[in-house]
Amino acid sequence: MPSELNFFMTPSLILIQISLTVAVLPADYESRSAQAKQEVLWTQIQAEPHDPNSFPVEAPSKLQSALLVVPTHLRHAFTHVSDEMIEGRVKLLHTYGICAKAHLVMVPDSRYTGIFRTGVTGIVRPSIAKLSPTNFIPGMGFKALLDGKPSVNFHTLFSLDGQGANRNYFHNNMSSVISPPSSFAVALASKFFEMALILLPGGASKRPEDSNTMTVYEHASVERSGATVPASAVTAPYKIDFVPNKDLGYSESDSADFRTRIGAIAPGTRLYTMVAYGNKADADARQGGEIIGSMVTDSAFLASKYCDEKLHFKHATQPWKQ
Ligand SMILES: *[C@@H]1O[C@H](CO)[C@@H](O)[C@H](O)[C@H]1NC(C)=O
């Protein structure tokens, strides 16, 4: 097929995809317990697994990717309150990942509040920003499920620039605050995310500080049970480093798909140790970091249609406050 034709065919192909993955969450989904919601999501994730011998690798079309420069389109990543994507939307970045049930186990007597004190159960989704043979750009999402309330989600990255030829997913920290990108093209792309932030309702006090900060303030404001922490008591880390379990690492020049490597991890494995910094000055200086907990898997990993096409990780919006 000539490439122009391929380009214009895409909308109808999208429609076919949509018809195969219709919205499935039950009407009373949000009111259920965290455990019950995890089971609903896990059943969907298991419904249409990808073939592990032939993982999907097609990038979103040029037409779809053009939406990455449309702030009103990007804004939905921050405003759509659901564990499921808006019908017909495509993950333009982090298109492919792999999902597992997992929980955060926190150290006792944490000075941080909300789920950082109670721990939480959810779904982890390691992914890479774009499949590229020359630049490996790992990311990790974690959906923290709450009893009777919408989830709060972690978005973490090593760097928007990626880790180049190093294909070991577990080589670098995944962080909630990253350095500004050095590549001009990437810096330009992140400007569009900042324009999307400016479009958020509520003004500067209701939006993340910038596109390199994936704020965790909301996470400190609510407990696993759905109980709200009084605003005066909320203590949130400014930044969290998810430090990978080095035992899971593999060769930097590994030729296998990252989903093959992660797919081999056994349930009950510690994926990350969480190190928190209480304010920006400490985070920038890398001083005063404290181990606050770890992330442990509760199932095998599975790459699937729902994990890639429907599972939605809403971005948090509340900026960090002392
Ligand atoms: C990873 O995070 C830990 C904890 O914050 C920090 O001590 C370490 O320096 C980080 N590693 C790198 C390579 O940045």
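The values are calculated or read from the model by the stated rules, or taken from the named source; none is laboratory data. Here the structure is a predicted model, which means the values were calculated and not measured. Because the Cβ atoms are built from the backbone with ideal geometry, glycine has one as well, and the counts that use them run over all protein chains shown.
Which one is nearest to Leu157 (Cα to Cα), of the residues in segment 211-229 that are among the small types (Gly, Ala, Ser) and part of a loop (DSSP other than H, G, I, E, B)? Even if it seems obvious, please write down each step before you answer.
Here is the first cut: in segment 211-229, the residues among the small types (Gly, Ala, Ser) are 211, 220-221, 225-227.
Narrowing further to those that are part of a loop (DSSP other than H, G, I, E, B): 211, 221, 225-227.
On the way: Ser211: 12, Ser221: 23, Ser225: 28, Gly226: 27, Ala227: 29 Å.
Going through the qualifying residues, I end up with Ser211.
Could you tell me which residue of segment 244-261 is nearest to Asn135 (Cα to Cα), considering only residues that are of a type outside the set (Asp, Glu), away from the ligand (no atom under 14 Å from the Cβ) and part of a helix (DSSP H, G or I)? First the steps, then the outcome.
Going through segment 244-261, the residues of a type outside the set (Asp, Glu) turn out to be 244-246, 248-251, 253, 255-256, 258-261.
Pick out the ones that are also away from the ligand (no atom under 14 Å from the Cβ) and you get 248, 250-251, 253, 255-256, 258-261.
Add one more test, that the residue is part of a helix (DSSP H, G or I), and what stays is 248, 258-261.
Values: Leu248: 20, Phe258: 13, Arg259: 16, Thr260: 18, Arg261: 17 Å.
The qualifying residue nearest to Asn135 (Cα to Cα) is Phe258.
Would you mind finding the one in Arg125, Arg89 that is modelled with pLDDT under 95 and of a type in the set (D, E, K, R)? So that I can check it myself, show each step before the final result.
Values: Arg125 fails: modelled with pLDDT under 95.
None of the other options fit; the residue is Arg89.
Return yes when Asp241 is among the charged types (D, E, K, R) and part of a strand (DSSP E or B) and no when it is not.
On the way: among the charged types (D, E, K, R): yes; part of a strand (DSSP E or B): yes.
It is true that Asp241 is among the charged types (D, E, K, R) and part of a strand (DSSP E or B).
Checking the conditions here, which among Phe184, Phe136, Phe154 is within 21 Å of Thr317 (Cα to Cα) and of a type in the set (Phe, Trp, Tyr)?
Phe154
Anything in segment 216-256 that is within 16 Å of Arg111 (Cα to Cα) and among the aromatic types (Phe, Trp, Tyr)? List them, or say none.
Tyr217, Tyr238
Is it fair to say Ala144 is among the hydrophobic types (A, V, I, L, M, F, W, C) and assigned to a loop (DSSP other than H, G, I, E, B)?
Numbers: among the hydrophobic types (A, V, I, L, M, F, W, C): yes; assigned to a loop (DSSP other than H, G, I, E, B): no.
When the stated conditions are applied, Ala144 does not pass them.
Please find, among Phe116, Phe154, Phe136, the residue that is within 16 Å of the ligand (Cβ to nearest atom) and part of a loop (DSSP other than H, G, I, E, B). Spell out the reasoning first.
Values: Phe116 fails: part of a loop (DSSP other than H, G, I, E, B); Phe154 fails: part of a loop (DSSP other than H, G, I, E, B).
Being within 16 Å of the ligand (Cβ to nearest atom) and part of a loop (DSSP other than H, G, I, E, B) holds for just one of Phe116, Phe154, Phe136, which is Phe136.
Please find, within segment 157-189, the residue that is farthest from the ligand (Cβ to nearest atom) out of those that are more than 30 Å from Tyr29 (Cβ to Cβ) and assigned to a strand (DSSP E or B). Walk me through how you get there before you give the answer.
Our first condition is that a residue be more than 30 Å from Tyr29 (Cβ to Cβ); within segment 157-189, this holds for 158-173, 175, 177-189.
Still in the running and assigned to a strand (DSSP E or B): 175, 177.
Values: Ser175: 8, Val177: 11 Å.
Among them, the one singled out is Val177.
Restricting attention to segment 190-200, does a residue exist that is within 19 Å of the chain's Cα centre (by Cα), in contact (Cβ under 8 Å) with a residue 60 or more places away in the chain, within 15 Å of the ligand (Cβ to nearest atom) and surrounded by 17 or more Cβ atoms within 10 Å (Cβ to Cβ)?
No, segment 190-200 contains no residue that is within 19 Å of the chain's Cα centre (by Cα), in contact (Cβ under 8 Å) with a residue 60 or more places away in the chain, within 15 Å of the ligand (Cβ to nearest atom) and surrounded by 17 or more Cβ atoms within 10 Å (Cβ to Cβ).
Checking Val296 against (1) more than 16 Å from the ligand (Cβ to nearest atom); (2) assigned to a strand (DSSP E or B); (3) in contact with a helix residue (DSSP H, G or I) (Cβ under 8 Å, 6 or more places away or on another chain), which single condition isn't satisfied?
The one condition Val296 does not meet is (3).
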